[in-house]
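The values are calculated or read from the model by the stated rules, or taken from the named source; none is laboratory data. All of these numbers come straight from a predicted model, not from anything done at the bench. Cβ atoms come from the backbone with ideal geometry, glycine included; neighbour counts cover every protein chain shown. For accessibility, only protein heavy atoms count, side chains too; no ligands or nucleic acids. Shrake-Rupley method; radii C 1.70, N 1.55, O 1.52, S 1.80 Å.
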Amino acid sequence: RVALPCDKCGHVVSQLPNKTIEESILAHQAQDGECASAKARAKRKRKKRLRCSAKGCKESVRAAYMQFHCKGCLSKFCVKHRAPADHHCDKAKRERLYRALSKDRAIARRTHER
């Protein structure tokens, strides 16, 4: 049994019965689905697009000057969602809650001391 990789897509083509390996490769390349789809898959795999992590936002953050890293949720966001309040950051919510609790405790201490 003989098999060679296709020059165009890299797919390993086995020799078809009653044909030479060259004829088998030409038959593989003539088929619309196999050889063309392998090329398309390779093209799609090349680079993954970096998108804003905010829900529903499709803005690209590929370039370094367009990326904003949130220290709270450790995600990348576009210019529009760079503020923690804009992308509903969990850390921002926690910090607001802790601030409110600390204010309540301070008020409770002051009233208790009197």
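Summarising the label geometry, the points placed 7 Å from Cα in the beta-carbon direction at Glu95 and Arg110 lie 2.4 nm from one another.
Find how much the distance from Thr20 to Asp7 grows on full extension, using 0.36 nm per residue of separation minus their present alpha carbon separation; answer in nm with one decimal.
On the way: separation 13, 0.36 × 13 = 4.68 nm, distance 1.60 nm.
Computed gain between Thr20 and Asp7 is 3.1 nm.
Between Gln29 and Lys55, what is 0.36 nm times their sequence separation minus the Cα-Cα distance? Round to one decimal in nm.
5.1 nm
Largest first, how would Cys73, Cys35 line up by accessible area (1.4 Å probe)?
Values: Cys73 50, Cys35 5 Å².
Reading off the accessible areas and sorting them downward yields Cys73, Cys35.
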